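One structure is given below, encoded as structure tokens.
Each value in this text was obtained by applying a stated rule to the coordinates, not by laboratory testing. These numbers were taken from a predicted model, which means no experiment stands behind them. Neighbour counts run over all protein chains shown; Cβ positions are idealised from the backbone, glycine included.
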Protein chains: 2
Amino acid sequence: MNVDIGNALATVASPGVSRASLERLDSQVAAAHERIERGMENREHGYESLNLPQRTDPDEIRAAVEPIADAEVLFTVGIGGSSLGAATITNALESDTETVFLDNVDPEWVTSHLERISLENAAINVVSRSGTTAETLANFLVVRDAFESAGVDWTERTIVTTGEAGPLRDLANRHDLPSLKVPDGVPGRFSALSAVGMVAAAVCGHDLEALLEGAAAERETLTGSLFECPAYAYGATAYALDKRGAGVNAMMPYAESLETYAEWFAQLWAESLGKDGLGQTPVRALGVTDQHSQLQLYRAGPRDKLVTFITTQEGTDRGIPETDVSELAYLGDATLGELLAAEFEATEASLAAAGQPNVRIELERVDEYELGGLLYGMEAACVLAGELYSVNTFEQPAVEWAKKATRGLLGGGEFEEAEAVADKTELRVER
Amino acid sequence: MNVDIGNALATVASPGVSRASLERLDSQVAAAHERIERGMENREHGYESLNLPQRTDPDEIRAAVEPIADAEVLFTVGIGGSSLGAATITNALESDTETVFLDNVDPEWVTSHLERISLENAAINVVSRSGTTAETLANFLVVRDAFESAGVDWTERTIVTTGEAGPLRDLANRHDLPSLKVPDGVPGRFSALSAVGMVAAAVCGHDLEALLEGAAAERETLTGSLFECPAYAYGATAYALDKRGAGVNAMMPYAESLETYAEWFAQLWAESLGKDGLGQTPVRALGVTDQHSQLQLYRAGPRDKLVTFITTQEGTDRGIPETDVSELAYLGDATLGELLAAEFEATEASLAAAGQPNVRIELERVDEYELGGLLYGMEAACVLAGELYSVNTFEQPAVEWAKKATRGLLGGGEFEEAEAVADKTELRVER
């Protein structure tokens, strides 16, 4: 990926960062880069994620999925980092295999999927490092049961990705299921380029090597200067803008295929940096659609936002047929791709003209290689930002409270958190 | 809808609003309510939107869609307010008719829909008040052409919703197409309960009367006090929290069927209130999925957020099969619906325990009646908030710049905005 931070400079935007401030910040980037390199070398928790382009074995993943590679529909049962990486890759790329991500426990929604899909031609990809994630295990029990009710032997149609030990590992061993390991030292939101994200891609027939090669090429750019490394340029600029008041980061790809990527980014950014009262709030947007929804706010609302655009240079285009309506004749000389490109440039310029900071990330096209680079690059940007904020990028302690309360409410043990639920302060206004 | 603002009180949360401050604010609410009632009575621009439950004629809509009511797939070609209301309703409710919303001009994505769908059994619902919206007209020209190429007479399969005059009105007249009128005085983002939002619902066979009745019941609650009107309680609380530092409003329904509703809300809130440097930034979230993505940030990040939950009391449930894994036995005693409810209560309590403000909106279930009430209620909340901010809720002037630039870039006239695009400040970091 290439990054253009010109519209984040103080000469253009407010908040903005001056060139001199960026140069001062670059010495912090150099120190952070040393810390990151050391973490990668020592395979420390979290930093190990940035070694995945070298560590992940595509042959092992392809061999594991072989028994279910003929699936017409693949259910991925996982949530958060166990789902979003896989969904980002498979939703970005074309495939004859349909993918369904069961990342919620809404009963009507789960049922509608199970009723709609012919289970004889389906397979299950269940993903949970601990093997105890409540939502994932509940959905897995439901899906497994539905396969049995449909007369399909689920043990022939299931692949497991989990940790070294735990209930899912035991299950895989007991039923001799194909299984892969969630790599050590890699938090869920950083695991797209491991088996966690790539099993679904393998079933869909995507080019795993190209995903890893794109990521490896991005890894090669990690140097001690934000002026030489696109990933660090992005991470450092987002951090600097947040410090100057841009507490919101709106991720706005101009490609429908990258809609799920914006969700993946939102988890990466929120869960990694949102701690100690710090962290930008990620907002998921989509060009051009959100020009007709969010642009008014981005341009004329509070000056608290960085808008991050993603553009692609190439893709299949489609001409707009000519029309005899004179007011619309200008459209008939163009293609949809040209319209999309013009809308992007116009929107970017409209924010700059209003002094609202924005950054452009450029991909050549949406394919495995570029996608691998984007995922790796944003992970590296996030790790850098975590160093600059000096937060613990790789933990998410604040979610534990609700997990204990949920378990307690369902009778899974005694937890004081569950008791606090009953003490809710009410001020009800009823119809 | 019922609203519980207990967790937004200063005794629970920071930022929070004290009971005494709410009582002081209530006199502003009373004054704003008088202004709103007067606007409704005089059918003023924008305020007229709140009269839709009385003005919209379901028989007229059903009669207009009759020629295409047999469609197996309905393409709605529209963007922003011409798409999101219809999508919110049809994505929330079950139907045998598939709906596709062409609300973007990405060529690969448009082509993939047109190739996937058998056009003989499809129909087109094109929506643009002006009849000149570039994205909508470009897509309409493309889809019409695809119908012709497939040997389908598009003039037999198209319904138009547009203003009194303009290219789409001319087209409808010329080809004698069934057509409906975008009501006067109703901005796109407030038009879900008019033909704009209800044509797709009618084709899908939903109960239009119940949608309007639910909205009318909400209209009955509009009184001069936030303590008696759920919609005003929500609008006033969101406004008060924004003034106290909660510049972000995360809309988090605990129902997959309401995912598009969160997008609709994001347009309503952003485009109506995001002006003069004011306005909360809406964030679209989804329970329980985003507990594994955004909750860390909501609980431990900056204290700049209101989280708005939507819960439903009833729905079809599904049991979780029993398991012999002792760590998971507690799940086997529950249903997916119970798990969803426990996760919601736990998440709500976890934010309250951390002092993060949140509001609960309760629906009885997701059906036409409750949905009509939710849409109307949030519109009324937004109009009230606009009065409290004293902004012009019903305009969106900041989007004009990019529209002119787009048109200029495509050769549709001379616009200085298009020239500004070429002057972009660059600071590129390349791989």
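Where does the charge balance sit around A:Phe147 when Lys and Arg score +1, Asp and Glu -1, over other residues with C-beta under 12 Å from its C-beta?
Working: positive: A:Arg144, A:Arg157; negative: A:Glu120, A:Asp145, A:Glu148, A:Asp153, A:Glu156.
In short, -3.
Hey, what do the phi angles of the range B:28-36 turn into as Karplus ³J(HN,Hα) couplings, whole Hz, using 6.51/-1.76/1.60 and θ = phi - 60°, x for Gly and Pro?
5, 4, 4, 5, 5, 4, 4, 4, 5
Using +1 on the beta carbon of Lys and Arg, -1 on that of Asp and Glu, and nothing else charged, what's the dipole of the range A:238-386 about the Cα centre, debye to 20?
Details: 10 positive and 24 negative charges, 205 e Å.
My answer is approximately 980 debye.
Given the pairs B:Lys243/B:Lys275; A:Lys404/B:Lys305; B:Lys181/B:Lys404, which are separated by over 21 angstrom at their Cα positions?
Check vs 21 Å cut-off fails for A:Lys404/B:Lys305; B:Lys181/B:Lys404.
Could you give the nm distance between label points at B:Glu213 and B:Arg35, where each point is 7 Å from its Cα heading toward the beta carbon?
Taking the two extended label points, one gets 3.5 nm.
Using the Cα centre as the reference, give the magnitude of the dipole from point charges on the C-beta atoms of the protein assembly as shown (Lys, Arg: +1; Asp, Glu: -1; all else neutral), rounded to the nearest 20 debye.
3080 debye
What are the residues whose amide H is under 5 Å from the amide H of A:Leu180, where those residues sit 5 or more places off or on another chain and H is modelled from the backbone?
It is A:Val160, A:Thr161, A:Thr162, by chain and number.
In 5 Å bins starting at 0, how do the alpha-carbon pair distances of the range B:57-182 split up by percent?
Histogram of Cα-Cα distances, whole percents per bin: 2, 11, 22, 27, 23, 12, 3, 0.
Considering the zone a paramagnetic label at B:Gln54 would reach in this model (a point 7 Å from Cα along the Cα-to-Cβ line), which residues of the range B:359-375 have amide N under 20 Å from it?
Label zone hits: B:372-375.
How large is log10 of I(q)/I(0) for the protein assembly as shown at q = 0.04, 0.08, 0.11 Å⁻¹ when the intensity is taken from the Debye formula with one equal scatterer per alpha-carbon?
The Cα Debye sum returns log10 ratios of -0.16, -0.68, -1.41.
Find the all-direction average of the projected area of the Cα convex hull for chain A, expressing the result in square nanometres with one decimal place.
25.1 nm²
What is the calculated FRET efficiency for B:Ala165 to A:Ala165, with r their C-beta to C-beta distance and R₀ = 60 Å, to the nearest 0.05?
That gives a FRET efficiency of 0.30.
Modelled label-to-label distance, B:Glu414 and A:Glu120, 7 Å Cα→beta-carbon offset: nm?
Placing both labels 7 Å beyond Cα along the Cβ direction yields 6.9 nm.
What's the local net charge at B:Ile320, with K and R +1, D and E -1, over the other residues with C-beta under 12 Å away?
Taking every Cβ under 12 Å from that of B:Ile320, the sum is -4.
From the label point of A:Pro321, set 7 Å along Cα to the beta carbon, how far off in nm is each other copy's matching point, shortest first?
So the label point of A:Pro321 gives 5.1 nm to the other copies.
Return a whole-number percent for the relative contact order of the range A:133-202, with Cα pairs under 8 Å and 6 or more residues apart as the contact set.
22 percent
Under the Karplus relation 6.51 cos²θ - 1.76 cosθ + 1.60, θ = phi - 60°, what is the ordered set of whole-Hz ³J(HN,Hα) values for the range A:183-188, x standing for Gly and Pro?
Karplus values, whole Hz, x for Gly and Pro: x, 5, x, 10, x, x.
Quick one: net charge around A:Thr162, please, counting Lys, Arg +1 and Asp, Glu -1 for every other residue with C-beta under 10 Å from its C-beta.
Working: positive: A:Arg129, A:Arg169, A:Lys181; negative: A:Glu164, A:Asp170.
Neighbour charge sum, excluding A:Thr162 itself: +1.
Taking Cα pairs under 8 Å and at least six residues apart, what relative contact order does chain B come out at, in percent?
Rounded, it is 23 percent for chain B.
Got the B:Glu220 label distances to the other copies yet, label 7 Å along Cα→Cβ, in nm, shortest first?
7.0
Distances from B:Glu98 to the same position in the other copies: list them in nm, one decimal, shortest first, using label points 7 Å from Cα along Cα→Cβ.
Its label point is 0.8 nm from the equivalent points in the other copies.
Round to the nearest 0.05 the FRET efficiency obtained for B:Ser18 and B:Thr425 when R0 = 41 Å and r is the Cβ-Cβ distance. Before the final figure, lay out each step's value.
Numbers: r = 46 Å, r/R0 = 1.13.
According to the calculation, E is roughly 0.35.
Going toward the positive end of the dipole of the protein assembly as shown, with +1 on Lys and Arg Cβ and -1 on Asp and Glu Cβ, which of B:Ala10, A:Thr281, B:Val126 do you reach last?
Value computed over the given set: B:Ala10.
Considering the options A:Leu74, A:Ala172, A:Ala86, tell which one lies farthest towards the positive end of the dipole of the protein assembly as shown, charges being +1 on Lys and Arg and -1 on Asp and Glu at the Cβ, about the Cα centre.
The one lying farthest along the dipole's positive direction is A:Ala86.
Taking the Cα centre of chain A as origin, work out the dipole magnitude from +1 charges on Lys and Arg Cβ and -1 charges on Asp and Glu Cβ, in debye rounded to 20.
Using only the charged Cβ atoms, the result is roughly 1660 debye.
Given a Förster distance of 41 angstrom, what is the FRET efficiency for B:Glu94 paired with A:Thr11, based on the Cβ-Cβ distance and rounded to 0.05?
0.15
Shielding of A:300-309 by partners, i.e. mean partner chain Cβ atoms within 10 Å per residue?
On the way: counts 12, 13, 9, 1, 5, 2, 0, 0, 0, 0.
Counting other chains' Cβ atoms within 10 Å and averaging over A:300-309 gives 4.
Run the numbers on the range A:312-359 and let me know its relative contact order in percent, using alpha-carbon pairs under 8 Å that are six or more apart.
About 27 percent, as a whole number.
Measuring from label point to label point, each 7 Å out along Cα→Cβ, what is the A:Thr223 to B:His45 span in nm?
5.5 nm
How shielded is B:257-266 by partner chains, expressed as the average number of their Cβ atoms within 10 Å of its Cβ atoms?
2
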